[in-house]
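Have a look at the structure below, then the notes.
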Amino acid sequence: IVAGIIGTLIVFGTALVVLRIALATGDLVHAGVGNVEVVRLAREGVRPINVPGVVGAGLRKVVESRHRLHAGDLLLAHTDGVSGHLDLARYRHRPARQIAAAVIEDWGKASDDAACIVVSCNTKGDGA
């Protein structure tokens, strides 16, 4: 699925991350290309890794990794316009929208564009 999404994009020189989450089970499929980092505060310490390169410029293959999210997990994907030294634990008890805004405000680089998305797993039980 992720390879199909990337294959339909008409872009050149773009970093990209795709996160597909099955809400009922908490299963996460991750695929990333280029300078997009994913940071987790989670029960399971798996950290998704992107393949080097850019979409639209000789990308050879897309690698999917599979992970499991649990209630209480926090996941943040950000571009290289956000400092990789951010302390996600500092924001743990805020709602996802407030975390995203605070991360851009506190860790966004003035010399680069910055974007992030936050997934907060707040259901009861084992699924996300």
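The values are calculated or read from the model by the stated rules, or taken from the named source; none is laboratory data. In this text, all values refer to a predicted model and were calculated from it rather than measured experimentally. Remember, those area values only see protein heavy atoms, side chains included, never the ligands or the DNA or RNA. Shrake-Rupley method; radii C 1.70, N 1.55, O 1.52, S 1.80 Å.
Some values worked out for this structure:
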| read-out | value |
| --- | --- |
| Selection count, the range 1-22, where residues are at pLDDT 85 or above and not in a strand (DSSP E or B) | 0 |
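Residues checked against (1) at pLDDT 90 or above; (2) open to solvent by less than 20 Å² (accessible area, probe 1.4 Å); (3) acidic (D, E):
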| residue | (1), (2), (3) |
| --- | --- |
| R47 | no, no, no |
| V63 | no, no, no |
| A71 | no, no, no |
| R90 | yes, no, no |
| A101 | yes, no, no |
| S111 | no, no, no |
| C116 | yes, no, no |
| G127 | no, yes, no |
